[in-house]
Amino acid sequence: MIAIKKPVKNLVFLTGFFICVTLLVACGASNDSAIISGQTMGTTYHISLSNNPAKHDIAAIKEGVEQRLSAVNQSFSTYIDSSEVSTLNQYTGGEGQVKSAAFIQVLAEAQNISFLTEGAYDITVGPLVNLWGFGPDFSEDDIPQADNISQAIKKVGYTNIIFDRVTQQVKKLIPELYMDFSSIAKGYGVDTIAEYIESQGFNDYMVEIGGEMRLRGSNPEGTQWRIAIEKPDPTTRSIQRIIKLSDTAVATSGDYRNFFIKDGVRFSHTIDPTTGSPVRHSLASVTVLAPTSMTADAWATAFMVLGPKKGYDLAMKNNLSVLFIVKEKDEYKELMTPQFQQFFKDKAA
């Protein structure tokens, strides 16, 4: 059996190629450019500042970044027992709980995308993910029986969450309901840091957390940011496409490095909440551009559930900028919406 348990975000950023090259370009392009990096949410973050017009102390900026990332974790980390999401998950009573404005904001966006995808995206899918062995207690041999899937599905469903924007109360209609914001929290973290960076006077930057990004203005060379989308090949690391971007957010998701094979059958880590089982379509990865990283992050997960046909149709219906990479036999073929195609007019980029 082949078993790989950690999800992958198959997107790298570059002003040349990969993070190390970005660092070199930033250092050589301008005395005002700077790189800030660290760890958060079980992954890493990187911030590239093309210039520093207000001559800020970069160490102080990093401290501000760390404080805001800590606050995001305190809202959405299931690894912190006292976090907002953990206390809600642990509660089995029938009353609502008052949550922060940030929590309500992210929950509202998650619920909106769940509605638009008719449940293909669902932050309550955790029991099914765990059942299939892709949760924290990963198991290679965890192939559940049909009755176990049926029981787990009863504990899943975004419609079992009620919230009020005014009172900021959140209520679970099922006591066992378990929420996991991992498919949207990194994107929200990116947006939070981007807004902080802008508030300090930075107009040219790139913020990245675990592959989710938000970009504004120019890179340290004075041109648009260049983003490399990885070819969804589990045997090697290479670039599928390079795209020039500015003033947008981007997220890429794929399942080609997170799966297991048992008795000749490949089981993806992407679980369809409506069926309770791993998806079986040919979509290898998807890249979404959106105004916020939070939105791009959630849509990327949703499209991995929906697959190329349903995903493309829904992307067109909602005027979204999306690139689907589909595996057909030994080839990878691209399917992109018209909104995404405009970024490839310069194919020599």
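The values are calculated or read from the model by the stated rules, or taken from the named source; none is laboratory data. Computed from a predicted structure; not experimentally measured. For neighbour counting, all protein chains shown are included, and Cβ atoms are generated from backbone atoms with ideal geometry for every residue, glycine included. For the accessible areas, the whole protein counts, side chains as well, though only heavy atoms, and no ligand, DNA or RNA atoms are used. Shrake-Rupley method; radii C 1.70, N 1.55, O 1.52, S 1.80 Å.
Taking every pair of alpha-carbon atoms in region 65-127, give the share separated by more than 14 Å as a whole percent.
Values: 1267 of 1953 pairs.
Of all Cα-Cα pairs in region 65-127, 65 percent lie more than 14 Å apart.
If you roll a 1.4 Å probe over region 277-349 with all protein chains in place, what percent of the accessible area is carbon or sulfur?
The C+S portion of the solvent-accessible surface of region 277-349 is 51 percent.
Considering only protein heavy atoms and a probe of 1.4 Å, how much of the accessible area of region 64-170 is carbon and sulfur, as a whole percent?
Values: 2520 of 5200 Å².
Within region 64-170, the accessible surface is 48 percent carbon and sulfur.
At 1.4 Å probe size, with every protein chain present, just tell me what the per residue accessible area of region 151-190 comes to in Å². Numbers along the way, then the final one.
Details: 1980 Å² over 40 residues.
Per-residue accessible area for region 151-190 comes out at 49 Å².
Cross-link list K309/K333; K62/K186; K99/K154; K99/K172; K62/K99; K172/K317: which exceed 23 angstrom alpha carbon to alpha carbon? Write down the numbers at each step before the final one.
Numbers: K309/K333 13 Å; K62/K186 18 Å; K99/K154 25 Å; K99/K172 13 Å; K62/K99 27 Å; K172/K317 31 Å.
Check vs 23 Å cut-off fails for K99/K154; K62/K99; K172/K317.
I need the peptides 169-177, 213-221 ranked by packing, meaning the mean over residues of other C-beta atoms within 10 angstrom, with the highest value on top. If you can, show how the numbers build up before the last one.
Numbers: 169-177: 16.1, 213-221: 22.9.
Going from most to least packed, we get 213-221, 169-177.
Give me the extension gain from Q67 to R165: residue separation times 0.36 nm, minus the current Cα-Cα distance, reported in nm with one decimal.
Numbers: separation 98, 0.36 × 98 = 35.28 nm, distance 2.53 nm.
Gain in length upon complete extension: 32.8 nm.
Could you sort 46-53, 276-283 so that the peptide with the highest average Cβ count within 10 Å comes first and the rest follow in order? Don't skip to the answer; put the middle values down first.
Working: 46-53: 20.6, 276-283: 19.0.
The peptides rank, most packed first, as 46-53, 276-283.
Region 58-202: Rg/Rh from Cα coordinates, Kirkwood Rh?
Details: Rg = 16.9 Å, Rh = 16.6 Å.
Reported Rg/Rh (Cα atoms, Kirkwood Rh): 1.02.
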